[in-house]
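A.B. asks: The structure's right below; bear with me while I get my questions together.
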Amino acid sequence: MRPEQQVPRNALVWIIITMFTLVAPHVGRIPLWILGLYAIAVFWRIMVYSGRWSFPGRWVKVALTLTCFSGTFFSFGTLIGLEPTVALLLAAFALKLIELVNRKDGYVLLFLGYFLCITEFLFSQDIPIALYSLLNVTLITTGLVALNQPGQHRFNFKTIRLPALMLLQAFPLMLVLFFLFPRIGPLWTVPLKSLTAKTGVSDFMKPGDISNLSQSDEVAFRVQFEGEIPSREDMYWRGLVFSRLVEGAWTSLVYYEIPVRERREKPVTTDGEPVEYSVIMEPTQQNWLFSLRYARPLGRGVMRAPDYRLFLPIEMEDEYQYRVRSWPDTVLDRELSDWRRRTELALPEDTNPRTRQLGVELRRSAADDRAFVDTVLRKFNQEPYIYTLQPPTLGEDAMDEFLFETRRGFCEHYAYAFVVMMRAAGLPARVVAGYQGGEINPVNRTVIVHQFDAHAWAEVWLEGEGWVRVDPTAAVSPDRIEWGLEQAVSGEGTFLAGSPLSPLRFRSVAWVNTLRLRYDALTYQWQKWVIGYEGERQYNFLQKLLGEVSGWNFVVVLLGSWLLVLLPVALSLLSKRTIRRLSPAEKQFVSFCNKLAKAGISRAPSEAPGDYSRRVVRLHPSMAPQVTQISALYNELAYADAGLSAARRADLLEQFARAVRGLKMPSKHQGASE
């Protein structure tokens, strides 16, 4: 192999560094054997470079490839999905390093590195990941630069300077492309879904589900209101409506189970002042959205179900932003259809007999339906029921055990028991799951709703009032609704017990809390203006910029922006070019070359002065004395400059100039024929 085709040691070191920075963000989602493969690949490549081992043969390559495919399949149970696909790409990167022979292989490996860098955005698009990806792009580009520096047999950290400068120069152009280039959907669809479960409210509810969810400090969504922020006790973020109780679990109605005439939302007359706000939801791999009571979306894409919840036609794999207008005081379903009434009254006949009997008895002692609701809430409030994040495990008749034996439960226990008693007494009722409250960020006046704000409550249908929200938890633990979960369970010390280092546990430390809130405000702006900059938002921006979004206007602005960005870069590069002035000896030698060129003997760009003089003598022997003298004088002036005195140098320059002027040229015809 020619030396110029070999991979320089400097480039090899940068490639190995890039390997580990590329795999680092995926460590939590790939099997550990891939990290072992990386260590083996690096060791093997070092042994090959030192001459102790050889490159793998064909059958070894086949065996390694099959092992990686088999390992991926047994680790994930499938080869289809984001995690298995990324794992295979990472494994391919390691295997390619083992057979890295020449610079061409290095190019393939580093271009694969660019692709691997992009895959991290399939899982997260947060600010730290974006900054880390810039680091990876810099390192990959450094590897490319090092590949084009043959002869670098030592690791040189300064190699990173040029790639860093190149990326800085490209940054303004990147901004122009980001803001102006239209968001065009891909020409293909990648049907790969993440295998990692996302934290969030599930589409079914059993006792203990929401209490487990409330151990997480992850952000569920962020909200920004147009006007005043509602009080905490009014912020019930409605997400799922559970109308069916099957085998001890509450579930939502499936679309095809709803009669055709019931699938559309009934006409509603809005009452009171609306509340307008925008929501940025974290990815959940589900399709339901969260909003205050009776919400109407202000953009396209969001749909409404007949039970007045919002949803998307597809599952959310990325952060999603939507704008909503809600009327919390509006009466919903002033009249109930027969099908809806039967659905919201249905109860399994063979479970929780004591709870159902209690509901019937309490209804008999109440004057009306509203009084019955108040009686049940008063029972929760006055009797020794405990609100806890650590409720005991319940058996088959879960509500009987909860109401009459353990008396310890979380919000889902109280909502569950309340709805069972309502239905047993003949009142249509259902469980609603979502979030309650949220933390107001004073930096940017957004409401941060965490997973530990997950909550379940009930809706009861009352004659003339429609669906009315009733929260049994408020009767047991008013602090939960007014102050939040942390205050409500402060006595038992279970708040975020599994996350001892969560910043939310240090809200009493002023500087820690300030940093947390400022970072969250920065994250919100990032989600809103970077991740959410697409579709309607980009169109509105271009409309403000161009007045009228037309093809011609767009091309002019885009090209003009490129010119404004690239022109300063070009001028800065040109200004750094230094034009070296020719010395007197070099000027005379150029004159010598020009005279010979007129006679048809041109000097090649890479031809040394001595080689050129010898070629002239070979072609025109009659010029040998003159050319030899000129060549000798030039060599002495050019290469012995340090040992020449000023007088000697002046004398040689005069002789050199006289020899060049007196050069007798051969005829052009003679030069051409020879």
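A.B. asks: Check whether at least one residue in segment 469-487 is surrounded by fewer than 17 Cβ atoms within 10 Å (Cβ to Cβ), outside any loop (DSSP other than H, G, I, E, B), in the same structural domain as THR330 (by TED's automatic domain parsing) and touching a strand residue (DSSP E or B) at 6+ places or on another chain (Cβ under 7 Å), and report yes or no.
C.D. replies: The answer is yes, given that some residue of segment 469-487 is surrounded by fewer than 17 Cβ atoms within 10 Å (Cβ to Cβ), outside any loop (DSSP other than H, G, I, E, B), in the same structural domain as THR330 (by TED's automatic domain parsing) and touching a strand residue (DSSP E or B) at 6+ places or on another chain (Cβ under 7 Å).
A.B. asks: For segment 574-601, which residues satisfy the criterion of being farther than 23 Å from LEU653 by Cβ and either surrounded by 14 or more Cβ atoms within 10 Å (Cβ to Cβ) or in contact with a Gly (Cβ under 8 Å, 6 or more places away or on another chain) (or both)?
C.D. replies: ALA599, GLY600, ILE601 - these are the residues of segment 574-601 that are farther than 23 Å from LEU653 by Cβ and either surrounded by 14 or more Cβ atoms within 10 Å (Cβ to Cβ) or in contact with a Gly (Cβ under 8 Å, 6 or more places away or on another chain) (or both).
A.B. asks: Between GLY532, GLY498, GLY547, which is of a type in the set (Gly, Ala, Ser) and closer than 30 Å to HIS413 by Cβ? Walk me through how you get there before you give the answer.
C.D. replies: Details: GLY532 fails: closer than 30 Å to HIS413 by Cβ; GLY547 fails: closer than 30 Å to HIS413 by Cβ.
Unique residue meeting the criteria: GLY498.
A.B. asks: Quick check on GLY434: is it surrounded by 23 or more Cβ atoms within 10 Å (Cβ to Cβ), more than 18 Å from PHE380 (Cβ to Cβ) and either of a type in the set (Gly, Ala, Ser) or more than 33 Å from the chain's Cα centre (by Cα) (or both)?
C.D. replies: Taking the combined requirement at face value, the residue satisfies it.
A.B. asks: May I pose another question? Specify which of the listed residues (THR138, THR159) is at pLDDT below 95, closer than 23 Å to PHE93 by Cα and either in the same structural domain as PRO283 (by TED's automatic domain parsing) or of a type in the set (S, T, N, Q) (or both).
C.D. replies: THR159
A.B. asks: Residues being under 23 Å from ASP471 (Cβ atoms) and either modelled with pLDDT under 95 or outside any strand (DSSP E or B) (or both): count how many of those fall in segment 282-294. Working first, answer last.
C.D. replies: Initially, segment 282-294 is screened for residues under 23 Å from ASP471 (Cβ atoms), giving 288-294.
Filter once more, so that each one left must be either modelled with pLDDT under 95 or outside any strand (DSSP E or B) (or both): 288-290, 292-294.
Qualifying residue count for the region: 6.
A.B. asks: Moving to a separate point now. Return yes or no: is ASP307 assigned by TED's automatic domain parsing to the domain that holds GLN224, surrounded by 15 or more Cβ atoms within 10 Å (Cβ to Cβ), among the charged types (D, E, K, R) and assigned to a loop (DSSP other than H, G, I, E, B)?
C.D. replies: Yes: the conditions hold for ASP307.
A.B. asks: Next question. State yes or no: is TYR277 part of a loop (DSSP other than H, G, I, E, B), out of contact with any Gly (no Cβ under 6 Å at 6 or more places or on another chain) and in the same structural domain as PHE225 (by TED's automatic domain parsing)? First the steps, then the outcome.
C.D. replies: On the way: part of a loop (DSSP other than H, G, I, E, B): no; out of contact with any Gly (no Cβ under 6 Å at 6 or more places or on another chain): yes; in the same structural domain as PHE225 (by TED's automatic domain parsing): yes.
No.
A.B. asks: Now, a different point. Could you go through segment 323-333 and let me know if any residue there is in the same structural domain as GLU412 (by TED's automatic domain parsing) and more than 42 Å from the chain's Cα centre (by Cα).
C.D. replies: no
A.B. asks: While we're on this one: Could you figure out which of (1) assigned to a helix (DSSP H, G or I); (2) touching a residue at least 40 places away in the same chain (Cβ under 8 Å); (3) not aromatic (Phe, Trp, Tyr) isn't true of PRO128?
C.D. replies: Result: PRO128 passes all but (2).
A.B. asks: Of all residues in segment 334-352, which are touching a residue at least 60 places away in the same chain (Cβ under 8 Å) and not in a loop (DSSP other than H, G, I, E, B)?
C.D. replies: TRP339, ARG340, ARG341, THR343
A.B. asks: Next up: Given the criterion in the same structural domain as TYR236 (by TED's automatic domain parsing) and closer than 29 Å to THR270 by Cβ, identify the matching residue among THR446, THR494, THR406.
C.D. replies: Numbers: THR494 fails: closer than 29 Å to THR270 by Cβ; THR406 fails: closer than 29 Å to THR270 by Cβ.
None of the other options fit; the residue is THR446.
A.B. asks: When segment 353-396 is examined, which residues are found to be part of a loop (DSSP other than H, G, I, E, B), more than 24 Å from PHE495 (Cα to Cα) and either outside the structural domain of GLU492 (by TED's automatic domain parsing) or touching a Gly at 6+ places or on another chain (Cβ under 9 Å) (or both)?
C.D. replies: Within segment 353-396, GLU396 is the sole residue that qualifies.
A.B. asks: I've got another one for you. Examine segment 420-431 for a residue that is under 16 Å from ASP234 (Cα atoms), in contact (Cβ under 8 Å) with a residue 12 or more places away in the chain and not aliphatic (A, V, I, L, M), and state whether such a residue exists.
C.D. replies: No, segment 420-431 contains no residue that is under 16 Å from ASP234 (Cα atoms), in contact (Cβ under 8 Å) with a residue 12 or more places away in the chain and not aliphatic (A, V, I, L, M).
A.B. asks: Let me ask something additional. Could you tell me which residue of segment 497-515 is farthest from LEU485 (Cα to Cα), considering only residues that are under 25 Å from the mean Cα position of the chain (by Cα) and in a loop (DSSP other than H, G, I, E, B)?
C.D. replies: LEU501
A.B. asks: Also, I was wondering about something else. Can you tell me which residues in segment 458-468 are crowded, with 16+ Cβ neighbours inside 10 Å and farther than 17 Å from THR375 by Cα?
C.D. replies: Within segment 458-468, GLY466, TRP467 meet the criteria.
A.B. asks: Then there's this: So, of the residues in segment 209-227 that are part of a loop (DSSP other than H, G, I, E, B) and in contact with a strand residue (DSSP E or B) (Cβ under 9 Å, 6 or more places away or on another chain), which turns out to be nearest to TYR387 (Cα to Cα)?
C.D. replies: Start the filter on segment 209-227 by keeping residues that are part of a loop (DSSP other than H, G, I, E, B), which leaves 214-218, 226-227.
Next cut, in contact with a strand residue (DSSP E or B) (Cβ under 9 Å, 6 or more places away or on another chain) only: 214, 216-218, 226-227.
Values: SER214: 13, SER216: 18, ASP217: 20, GLU218: 22, GLU226: 35, GLY227: 34 Å.
Among those that are part of a loop (DSSP other than H, G, I, E, B) and in contact with a strand residue (DSSP E or B) (Cβ under 9 Å, 6 or more places away or on another chain), it is SER214.
A.B. asks: Here's something else I'd like to know. Taking helices (runs of 4 or more DSSP H) that fall entirely within segment 551-646, which contain at least 1 residues that are modelled with pLDDT of 75 or more, over 30 Å from PHE181 (Cα atoms) and not assigned by TED's automatic domain parsing to the domain that holds LEU175? Walk me through how you get there before you give the answer.
C.D. replies: Working: elements: 551-575, 584-598, 609-619, 624-639.
Answer list for segment 551-646: 584-598, 609-619, 624-639.
A.B. asks: When the residues of segment 200-233 are filtered to those that are surrounded by 15 or more Cβ atoms within 10 Å (Cβ to Cβ) and among the hydroxyl-bearing types (Ser, Thr, Tyr), which remaining residue is modelled with the highest pLDDT?
C.D. replies: SER216
The values are calculated or read from the model by the stated rules, or taken from the named source; none is laboratory data. As the structure is a prediction and not an experimental result, all values here were calculated from the model. Cβ atoms come from the backbone with ideal geometry, glycine included; neighbour counts cover every protein chain shown.
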